[in-house]
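Notes to accompany the following structure.
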Amino acid sequence: MSHTDPAPGHGQVRLHVVTGKGGTGKSTVAAALALALASHGRNVLLCEVEGRQGIARMFDVDPLPYAERRIATGLVGGDAGHGRAGSAGTVHALHIDAESALLEYLAMYYKLGRAGRALDRFGVTEFATTIAPGVRDVLLTGKVYEAVERNSRNRGATTYDAVVLDAPPTGRIARFLNVGKELAGLAKVGPIRSQADTMMTLFRSPHTAIHLVTVLEEMPVQETWDGIEELRGDGLPVGSVVVNQVRPREIDESVLATVRTGGVDEAALGADLEAAGVEITPHLVDGLVAEARDHAERRALEEAQRAVVDGFGVPVLELPRLPGGVDLGGLYDLAARLREQGLG
Ligand SMILES: Nc1ncnc2c1ncn2[C@@H]1O[C@H](COP(=O)(O)OP(=O)(O)OP(=O)(O)O)[C@@H](O)[C@H]1O
Ligand SMILES: [Mg+2]
């Protein structure tokens, strides 16, 4: 593979943020990554912030509350391909919503246990749903930060070796993580300001890696590059590009080229099919040739986009398109692929 090695020192990463264009596979990759990281007894937290309960669907469990739930055992076999079974770790999941994060924050920092519940009745919930999007983001990222840097304020809570965030899409990710900037106009000094600064220190550090998921099509690949540039511009650490849903590549490029340029001998193809016992009609042969050309053209587009991605100067990983879609077994398959390629 022409790809560069996985992000140097990713072993020290404690927060993996997974972004990408909508529908490319952010949630799938985040879940697979959490399974891959949960080996050797490591404890991993998989978080979602978009209120869509994607994690519960993928792992086939009840909708997640605002509480950490153990949802899976990590991928077994820490040394892929060497036949030595490493011990698995565990994956917990957390569904973060801004309202609950605000109430928990107030309770943790201002000991507003009961008052917090009263506030809820008097409209914190409404407040949290109508606040500026930037403030909402700070509540969400604040909870992620708390899970990564867990300290004694959250007594008795599980501590994690790594946190994986199923994050907002590429178009919003830099802004989402750039809580300092968002708060600049609101809080110039004081505890909120200094907490935002502390959060930014983590998000910009080598302990964070932001991975971008894409498929090999022009728009998502372009969006990936725009995202990389924006993140770099904001000093946020880009991890890997994960090329997802890659089509099988069994057919030789020379064959594909023949198909693309209309060089298929239809008479010979018809004869071959007939010899194989297929009852042929001109319609059938034409249809097959058209389908083959379509596949060959799509493959050529994919190869062109692959070259673009390889030119980003970022470690690239690939995941196959699973023919039957992604069930729980499929997530473990993808986790194994990630680990083979050095992530997890
Ligand atoms: N490698 C794969 N092989 C087959 N199907 C896949 C693969 N990756 C993702 N999918 C499927 O593609 C769909 C979109 O994936 P997913 O929900 O992970 O994307 P997303 O980027 O999180 O989407 P959204 O922007 O809506 O949050 C899902 O149905 C998922 O099962
Ligand atoms: Mg998703």
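The values are calculated or read from the model by the stated rules, or taken from the named source; none is laboratory data. These figures come from a predicted structure and were not determined experimentally. Cβ sites come from the backbone with ideal geometry, for glycine too, and all protein chains shown count toward neighbours. In case anyone asks, the SASA skips ligands and DNA or RNA and just uses the protein heavy atoms, side chains included. Shrake-Rupley method; radii C 1.70, N 1.55, O 1.52, S 1.80 Å.
The conditions of being without any contact (Cβ under 8 Å) to a residue 24 or more places away in the chain and not in a helix (DSSP H, G or I) are not met by residue 180.
Can we say residue 283 is exposed (fewer than 11 other Cβ atoms within 10 Å of the Cβ) and more than 30 Å from residue 229 (Cβ to Cβ)? Yes: the conditions hold for residue 283.
Those residues that are closer than 30 Å to residue 338 by Cβ and in contact with a helix residue (DSSP H, G or I) (Cβ under 6 Å, 6 or more places away or on another chain), I need them from segment 245-278; list them, please. Correct list: 256 only. Residues that are assigned to a helix (DSSP H, G or I) and more than 11 Å from ligand 1 (Cβ to nearest atom) were ranked within segment 53-65; the one that is surrounded by the fewest Cβ atoms within 10 Å (Cβ to Cβ) is 56.
The combined condition, being of a type in the set (Val, Ile, Thr) and open to solvent by less than 40 Å² (accessible area, probe 1.4 Å), is not fulfilled by residue 251. Sub-7 Å Cβ pairs linking a first residue in segment 66-82 that is outside any loop (DSSP other than H, G, I, E, B) and open to solvent by 50 Å² or more (accessible area, probe 1.4 Å) to a second residue that is at pLDDT 95 or above and hydroxyl-bearing (Ser, Thr, Tyr), at least 6 apart or interchain, are 70/90; 73/90, ordered by first then second residue.
Report yes if some residue within segment 287-304 is surrounded by fewer than 17 Cβ atoms within 10 Å (Cβ to Cβ) and in contact with a Pro (Cβ under 9 Å, 6 or more places away or on another chain); otherwise report no. The answer is no; no qualifying residue exists.
Looking only at segment 206-227, filter to residues that are within 16 Å of residue 305 (Cβ to Cβ) and in contact with a Leu (Cβ under 8 Å, 6 or more places away or on another chain); which one of those is surrounded by the fewest Cβ atoms within 10 Å (Cβ to Cβ)? Among them, the one singled out is 218. Just one of the numbered conditions (1) part of a helix (DSSP H, G or I); (2) open to solvent by 60 Å² or more (accessible area, probe 1.4 Å); (3) more than 27 Å from residue 11 (Cβ to Cβ); (4) in contact with a helix residue (DSSP H, G or I) (Cβ under 8 Å, 6 or more places away or on another chain) is not true of residue 230: (3). Here segment 28-52 is the region considered, the condition is being in contact (Cβ under 8 Å) with a residue 40 or more places away in the chain, closer than 21 Å to residue 133 by Cβ and within 12 Å of ligand 1 (Cβ to nearest atom), and the residue that is farthest from the chain's Cα centre (by Cα) is 51. The set of residues in segment 291-344 that are touching a residue at least 24 places away in the same chain (Cβ under 8 Å) and within 16 Å of ligand 2 (Cβ to nearest atom) comprises 319, 326, 331, 334.
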